[in-house]
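Quick note: the coordinates plus some simple rules give every number you see, no bench work behind them. In this text, all values refer to a predicted model and were calculated from it rather than measured experimentally. Reconstructed Cβ throughout: ideal geometry from the backbone, glycine too, with neighbour counts over all protein chains shown.
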Amino acid sequence: MTAAALLAGPARAAPPPALLTAADLPGYENAEDWNDIVRPGDPDPAICTDPVAVGSVVNRPAITTHTSFIRRAGGPLLYEILIAAGPARANALVAEIAAAPRRCPQVRLGDDHTLTITKMRVPELGARASGVLIRTATPSPTVTRLIVFAEGGRTAILMMVGGTDIGVLGMHKIALTAAAKLAPGN
């Protein structure tokens, strides 16, 4: 091995591909214009600081891969975020999301935005999963559905912003599709 290779350290694996595609989401299309809201490599705040930014208080690597979709009829935005963090950190992020409704049931952002965080039931996904509903208390309220699950040292975060028409069961179907692609052997 050359000196330059030793100084560079171990080679990093390529980020995992996105789990979902537009083909998995009838009525949705890629929303690449919205991808700059979530940037790979940026650190995230804790969920009790900014739930919509979906962060973690645990020491973990930043986002490795993300993608976004929008409903063709001008409907909700769906973000998928993957984090390769190792099993302990992946499980800690799921635990943080699960604890959010108890730790910070309301979060104030600025002078006129209050977010209410409540627990959302989720199907069995990966090794560990949790979900929350985040509601804004503004003149035009917005509901965000957030499901996070861990499998094999990777964390998947699915966040649907707006669009009450999909409902919790619709979000479950999307999460089950993503989890099947993250399952061992895929």
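Only Cα pairs under 8 Å and 6+ residues apart enter the sum, and on that basis the relative contact order of region 94-186 stands at 22 percent. Along region 147-156 the Karplus relation, 6.51 cos²θ - 1.76 cosθ + 1.60 evaluated at θ = phi - 60°, assigns HN-Hα couplings of 10, 10, 9, 10, 7, x, x, 10, 10, 10 Hz to successive residues, with x for each Gly and Pro. Between the beta carbons of LYS119 and ALA22, assuming R0 = 25 Å, the FRET efficiency works out to 0.25 to the nearest 0.05.
Database remark: amide H of THR65 closer than 5 angstrom to the amide H of LEU82 (H placed geometrically; neighbours at sequence offset of 5 or more, or on other chains; Pro and chain starts carry no H).
With Cβ to Cβ distances under 11 Å as the rule, what net charge do the other residues near LEU20 carry (K, R +1; D, E -1)? Walk me through the numbers on the way to the answer.
Details: positive: LYS181; negative: ASP24, GLU80.
Counting the neighbours of LEU20, the net charge comes to -1.
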